[in-house]
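What follows is a single structure, written as structure tokens, with notes after it.
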Amino acid sequence: MNTSPTPKWPASAAWLAIGLLTSAAQATVVAPSVHTDAGWVEGASRGDALDFWGIPFAAPPVGDLRWKAPAPVAPWPGVRAALVPGPACTQDGRRVPSGVPNSSEDCLYLNVHVPPGLSDTAAAPVMVWVPGGAWINGAGAQYDGSKLAQASQSVVVTINYRLGLFGSLALNSLLAEGHGNAGLMDQQAALRWVQRNIARFGGNPQNVTLFGQSAGSASVCQQLVSPGAAGLFHRAIMQSGPCTFGTTAKAEALKNGQAFVTKLACPDSLGASAQLACLRSKTAAEVFAASPTLNITTPGSLGSLTPFQDGIVLPAMPRKLIEQGKFNRVPVVIGNTKDEGTLFIALAYDIARGHAMTDDELKSLLAGLTQGNSIATSLLSSYYTTRKYGTPGQAASALVTDAVFACGAQWSARQLAGRVATYAYQFDEQRMPALVNDPFMAWGAYHAAELPLVFQTEIATVPPSGAPADVLTPAQLKLSDAMMGYWGRFAATGNPNGAGAVAWPRFSWPTHGTLHLDSAAITSASGSSVTGPHNCSLWDTLASLGVGL
């Protein structure tokens, strides 16, 4: 059988985004051909993994299935080649740095990476990756899970899900049909596929870890609070996307939906059935063109594209449900990178405008965030200053880091830790290569900087930059080994400790806090090691004033 090369997708570490096996006597090694519940699939062996690319887990969500819950896959005859990724879900392939070209509405595919020599009765841990991309970009195949599978002795699955308004359109006519967040329903459909099929790849359907980064991480929290995901996964890892992030209130989402149907000339006045028929008659290109766009410099613009509180998949806002303890009880790892915001400010100002952010642009950003609240404006202007941080861009980056990610992760950890085993981290590594050349600002431990270490695979830029040995230092590769070990042991047992690694204490505010991941040293510290430098007491105050990102 021919082996397939590693797929080379233009991807982004920005949106990118082990344990012990038991083997049965007389077991056989997982073969390149596996029988799923829809038919046979044939993968390809590589030296470090057995890969299956582009396995459909639901029917193409096109035509009358657009915006509906994912439907079952039609069985296929013979053996289906699983040698190349399926299409990414519809998106702008030109969007720097995370757009995937040649995307399609027919996109509900997943990829399976099996470590070498795994037996078909091994019952290995399973890790299901939800890619990030602000709910508008990204694909599972951007992430080659073979190194992580080998290091962890886990079966690693990476998935697609519908993006933009294909995945999160809010309309009363759709809700009346019983269809809410299609993208989140896709994620659940992929998890149900894992339940039905992963044992045939050597994985244990009763030991599934759902993990993701950025929008993928926030999706993990949305699945934590979704009744439809109960029992589909047993551990959760949230990287740079806390439970405070990425869900739109129902009223706002419905308002955005009305603006969309007006653009497509499919108004409510047609009646529910006729309106949906009108919308489903449009081409994917027409739907995409009428969708709102994300403006990084405009606080709140992401809300037109994120999942929303639909009363179906999400019965209420995740933050509120987490506070109330109404979530699927599984052990959790949650964390952030030290300098999350540099990526966003660099893309919105340095790269987009060709110059470093100015003081006037910083003032404008602050004014937009506070929306005329003079107390909040005064507070922010006194904390996030050029004098304190060195440049306007670094001040703005710190604001984004603190408001959206670091303080949200710590809040989430405090809420979760009283009910489930919780482990918090911060990725501090300052020397990761930037995704694009930025002559105006050092990025530090930027949003998604940890992903090449979690997967120990190429930092995917355009063109691909090569293997990690080409771009990562020996110390960073050692840190990568440590991180894969922590993630893998957590996936296997719900506890990341062991194998002689630096002890990672269970989160218990304020004495036991956060593991700091740095190639110079891995250390643990109290929670104040994050909340203090990231001004979290300020953001608690601002939240009481109704101000936040």
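Matching residues to (1) open to solvent by 10 Å² or more (accessible area, probe 1.4 Å); (2) under 19 Å from the mean Cα position of the chain (by Cα); (3) modelled with pLDDT of 95 or more:
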residue	(1), (2), (3)
Ala398	yes, no, yes
Thr422	no, yes, yes
Tyr425	no, yes, yes
Ile459	no, yes, no
Ser465	yes, no, no
Ala482	yes, no, yes
Gly488	no, yes, yes
Thr493	yes, no, yes
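Give me the pairs: first residue in the stretch 254-271 and under 15 Å from Ala176 (Cβ atoms) and among the aliphatic types (A, V, I, L, M), second residue part of a helix (DSSP H, G or I) and open to solvent by less than 70 Å² (accessible area, probe 1.4 Å), beta-carbon distance under 7 Å, and six or more apart or on different chains, which are they?
Val261/Gln275; Val261/Leu279; Leu270/Cys278
List the residue pairs whose Cβ atoms are under 6 Å apart, where the first residue sits in the stretch 78-99 and is under 21 Å from Ile345 (Cα atoms), the second is of a type in the set (Ser, Thr, Tyr), and the two are 6 or more positions apart or on different chains.
Listed by first residue and then by second, the contacts come to Pro97/Ser12; Ser98/Ser12.
Residues of the stretch 164-177 being among the small types (Gly, Ala, Ser), surrounded by 24 or more Cβ atoms within 10 Å (Cβ to Cβ) and more than 21 Å from Ser217 (Cβ to Cβ), which ones?
The one that is among the small types (Gly, Ala, Ser), surrounded by 24 or more Cβ atoms within 10 Å (Cβ to Cβ) and more than 21 Å from Ser217 (Cβ to Cβ): Ala170.
Which residue pairs have Cβ atoms under 8 Å apart, sit 6 or more places apart or on different chains, and have a first residue in the stretch 495-521 that is on the phi > 0 side of the Ramachandran plot and a second that is open to solvent by 30 Å² or more (accessible area, probe 1.4 Å) and modelled with pLDDT of 95 or more?
Taking only residues 6 or more apart or on different chains, the pairs are Gly498/Arg489; Ala499/Arg489.
Kindly indicate the residue of the stretch 279-295 that is assigned to a helix (DSSP H, G or I) and over 19 Å from Pro60 (Cα atoms) and also most open to solvent (accessible area, probe 1.4 Å) among those meeting that condition.
Ala289
Determine if the stretch 226-237 includes at least one residue that is farther than 29 Å from Arg196 by Cα and either among the aliphatic types (A, V, I, L, M) or open to solvent by less than 30 Å² (accessible area, probe 1.4 Å) (or both).
The answer is no, given that none of the residues of the stretch 226-237 is farther than 29 Å from Arg196 by Cα and either among the aliphatic types (A, V, I, L, M) or open to solvent by less than 30 Å² (accessible area, probe 1.4 Å) (or both).
Say we look at the stretch 178-207 and pick out the residues that are in contact with an Asp or Glu (Cβ under 9 Å, 6 or more places away or on another chain) and outside any helix (DSSP H, G or I); which of these is surrounded by the fewest Cβ atoms within 10 Å (Cβ to Cβ)?
Among them, the one singled out is His179.
For the stretch 400-415, enumerate the residues that are touching a Phe, Trp or Tyr at 6+ places or on another chain (Cβ under 8 Å), over 25 Å from Ser519 (Cβ atoms) and either open to solvent by less than 10 Å² (accessible area, probe 1.4 Å) or part of a loop (DSSP other than H, G, I, E, B) (or both).
Gly408 - this is the single residue of the stretch 400-415 that is touching a Phe, Trp or Tyr at 6+ places or on another chain (Cβ under 8 Å), over 25 Å from Ser519 (Cβ atoms) and either open to solvent by less than 10 Å² (accessible area, probe 1.4 Å) or part of a loop (DSSP other than H, G, I, E, B) (or both).
I need the full set of residues from the stretch 509-536 which are loosely packed, with under 15 Cβ neighbours inside 10 Å and touching a helix residue (DSSP H, G or I) at 6+ places or on another chain (Cβ under 7 Å), in order please.
If the condition is that a residue be loosely packed, with under 15 Cβ neighbours inside 10 Å and touching a helix residue (DSSP H, G or I) at 6+ places or on another chain (Cβ under 7 Å), then Pro510 is the only one that fits.
Step by step: first the residues of the stretch 142-163, then only those that are open to solvent by 10 Å² or more (accessible area, probe 1.4 Å) and part of a helix (DSSP H, G or I), then the one that is nearest to Val30 (Cα to Cα). Which residue is that?
Gln150
Please name all residue pairs, on different chains or six or more residues apart, with Cβ atoms under 7 Å, provided the first residue is in the stretch 310-332 and is open to solvent by 60 Å² or more (accessible area, probe 1.4 Å) and the second residue is charged (D, E, K, R).
Close Cβ pairs (under 7 Å, with a partner that is charged (D, E, K, R)) amount to Arg329/Arg419.
Output yes when any residue across the stretch 363-383 is of a type in the set (A, V, I, L, M, F, W, C), part of a loop (DSSP other than H, G, I, E, B), over 28 Å from the mean Cα position of the chain (by Cα) and modelled with pLDDT under 95, and no when none is.
No, the stretch 363-383 contains no residue that is of a type in the set (A, V, I, L, M, F, W, C), part of a loop (DSSP other than H, G, I, E, B), over 28 Å from the mean Cα position of the chain (by Cα) and modelled with pLDDT under 95.
Collect the residues in the stretch 55-83 that are in a loop (DSSP other than H, G, I, E, B), surrounded by 13 or more Cβ atoms within 10 Å (Cβ to Cβ) and of a type in the set (A, V, I, L, M, F, W, C), keeping them in residue-number order.
Phe57, Ala58, Ala59, Val62, Trp67, Ala69, Ala71, Val73, Trp76, Ala82, Leu83
Taking into account only those residues within the stretch 65-121 that are over 21 Å from the mean Cα position of the chain (by Cα) and of a type in the set (Gly, Ala, Ser), which is farthest from Asn172 (Cα to Cα)?
Step by step, filter the stretch 65-121, then rank; the result is Gly117.
Scan the stretch 128-139 residue by residue and report those that are more than 15 Å from Gly93 (Cα to Cα) and either under 8 Å from the mean Cα position of the chain (by Cα) or not β-branched (Val, Ile, Thr) (or both).
Hits for the stretch 128-139 are Trp129, Val130, Pro131.
Would you point out the residue of the stretch 84-97, among those that are surrounded by fewer than 18 Cβ atoms within 10 Å (Cβ to Cβ) and among the β-branched types (Val, Ile, Thr), that is nearest to Pro32 (Cα to Cα)?
Only one residue fits best here, namely Val84.
Among what's in the stretch 504-534 and is among the hydrophobic types (A, V, I, L, M, F, W, C) and in a loop (DSSP other than H, G, I, E, B), pick the residue that is nearest to Ala475 (Cα to Cα).
That would be Ala520.
Restrict the check to the stretch 245-254 and report whether at least one residue is out of contact with any strand residue (DSSP E or B) (no Cβ under 8 Å at 6 or more places or on another chain), exposed (fewer than 15 other Cβ atoms within 10 Å of the Cβ) and either closer than 30 Å to Val420 by Cα or of a type outside the set (Gly, Ala, Ser) (or both).
no
What are the residues in the stretch 98-127 that are open to solvent by 10 Å² or more (accessible area, probe 1.4 Å), in contact with a helix residue (DSSP H, G or I) (Cβ under 7 Å, 6 or more places away or on another chain) and either within 23 Å of Ala284 (Cβ to Cβ) or among the hydrophobic types (A, V, I, L, M, F, W, C) (or both), if any?
Glu105
Among the residues that make up the stretch 208-227, is at least one of them part of a loop (DSSP other than H, G, I, E, B), under 19 Å from Ile55 (Cα atoms) and in contact with a His (Cβ under 6 Å, 6 or more places away or on another chain)?
no
The values are calculated or read from the model by the stated rules, or taken from the named source; none is laboratory data. This is a predicted model, so every value here is computed, not measured. Neighbour counts are summed over all protein chains in view; Cβ atoms, including those assigned to glycine, are modelled from backbone coordinates with ideal geometry. These accessible areas exclude ligands, DNA and RNA; they are computed on the full protein's heavy atoms, side chains included. Shrake-Rupley method; radii C 1.70, N 1.55, O 1.52, S 1.80 Å.
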